[in-house]
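Written out below as structure tokens is the structure these notes cover.
The values are calculated or read from the model by the stated rules, or taken from the named source; none is laboratory data. Please read all numbers here as calculations on a predicted model, not as lab measurements. All Cβ positions, glycine included, derive from the backbone under ideal geometry; neighbour counts span all protein chains shown. Accessible surface areas use protein heavy atoms only, side chains included; no ligands, DNA or RNA. Shrake-Rupley method; radii C 1.70, N 1.55, O 1.52, S 1.80 Å.
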Amino acid sequence: MDLAGKVAVVTGGAMGIGFSACEALAAQGAAILIADMKDGAAAAKRLRDRGYKAAHADTDVSSESDTQHMAEVAMKEFGRIDILLNNAAIYSTLSLKPFEELGVSDWRKMLDVNVIGQFLCCKAVLPAFKAQKAGRIINISSGVAFKGNPGMLHYVASKGAIVSMTRTLATELGEHGILVNSVAPGFTLSDGVHKNPELASTVSGFSVRNRALKRDMLPADIVGAVCFFAGPHAAFITGQTLVVDGGAYYH
Ligand SMILES: NC(=O)c1ccc[n+]([C@@H]2O[C@H](COP(=O)([O-])OP(=O)(O)OC[C@H]3O[C@@H](n4cnc5c(N)ncnc54)[C@H](O)[C@@H]3O)[C@@H](O)[C@H]2O)c1
């Protein structure tokens, strides 16, 4: 129970990697605020039914007013915020395309959600973190940022931006006792991926062949890294990106 008494805001926490992280953080004792654009209420209820403390705020992370509301709901429900897991992103709904078929509007939407969304969520929780002189931000990047995967240039660029943003935020926020780290998962059979057979069939076999540990990766494989960065054993680690992919990219 390393996180007893802590409060975690998890964006995109209604399903997939985000929901697995909610389960793991809650099992460590944290109260959970699920910030998702859909199904947050049902996901929070699933956690409460298991005896955990959980609430939700309907949130589109690309909306500044929604992210402010997210932080207000967390403060109202639980009185503090200790952990922000920036997990929401456009990924599992992607259609793979060569870069020349991507338009400016594809790029803008991607950057709005995947990059500006994480920025807005950091800004929203900052007053609570500064007041406590403590806080943990964990940004979900992706192994693709290091490998140059084809067919999703705008997504790869968005996840590369998260690695850089994590470093600068760590530098700027260290003096306030705020630690900022990133987790970069490999291809993961999340709920969203299961709903996109094109993505699942194109990437799954290739991913398993190209990793040291020859099996599919599941959301539960990532949550240990999230809990580590959220907990007491990571108290002097900031600005880092941990690749969790069964040994596909050695970072
Ligand atoms: N699944 C993978 O293979 C994989 C690999 C590397 C990194 N990632 C990253 O992990 C994270 C989760 O991926 P996943 O596969 O679990 O996704 P998923 O599609 O299963 O779940 C995504 C969740 O985010 C929510 N969401 C999407 N856009 C949102 C928005 N604008 N505001 C609020 N919520 C929003 C969705 O409603 C959903 O609940 C993402 O950051 C993704 O880029 C995934």
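Numerical summary
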item	result
Under 16 Å from the Cα of K109 - lysines, other chains or at least 8 residues apart	K97, K159
Nearest 10 degrees, 0 to 90: helix 153-173 Cα axis against the chain principal axis	30 degrees
Relative contact order of the stretch 7-243, defined on C-alpha pairs under 8 angstrom at six or more residues apart (%)	20 percent
Approximate spin-label separation K195-R48, in nm, with each point projected 7 Å along Cα-to-Cβ	2.3 nm
Angle between the chain longest axis and helix 64-78 axis [Cα atoms, degrees, rounded to 10]	50 degrees
Ordering of 223-229, 174-180 by burial proxy (mean other Cβ atoms within 10 Å per residue, highest first)	223-229, 174-180
0 to 90° range, to nearest 10: angle between helix 117-132 axis and the chain longest Cα axis	20 degrees
Packing-based order for 32-45, 188-201, using average beta carbon neighbours within 10 Å, highest first	32-45, 188-201
Label point distance in nm, Y249-T202, each placed 7 Å from Cα along Cα→Cβ	1.7 nm
Whichever lysines have a C-alpha closer than 30 Å to that of K76, once near sequence neighbours (fewer than 8 apart) are set aside	K6, K38, K45, K53, K123, K130, K133
Backbone N under 19 Å from the K147 label point (7 Å along Cα→Cβ), restricted to the stretch 227-251	241-251
Carbon + sulfur, % of accessible area of the chain - ligands and nucleic acids excluded, 1.4 Å	56 percent
For peptides 48-55, 121-128, sequence by mean Cβ density within 10 Å, most packed first	121-128, 48-55
Length released on extending from A157 to Q68, taking residue separation times 0.36 nm less the Cα-Cα span	29.4 nm
Zero-based 10 Å bins, Cα pair distances in the chain, whole percents	8, 34, 38, 18, 3
Per residue, in Å², the accessible surface of the chain once ligands and nucleic acids are set aside, probe 1.4 Å	45 Å²
Full-extension gain in nm, A27 to H233, via 0.36 nm per residue minus C-alpha separation	72.5 nm
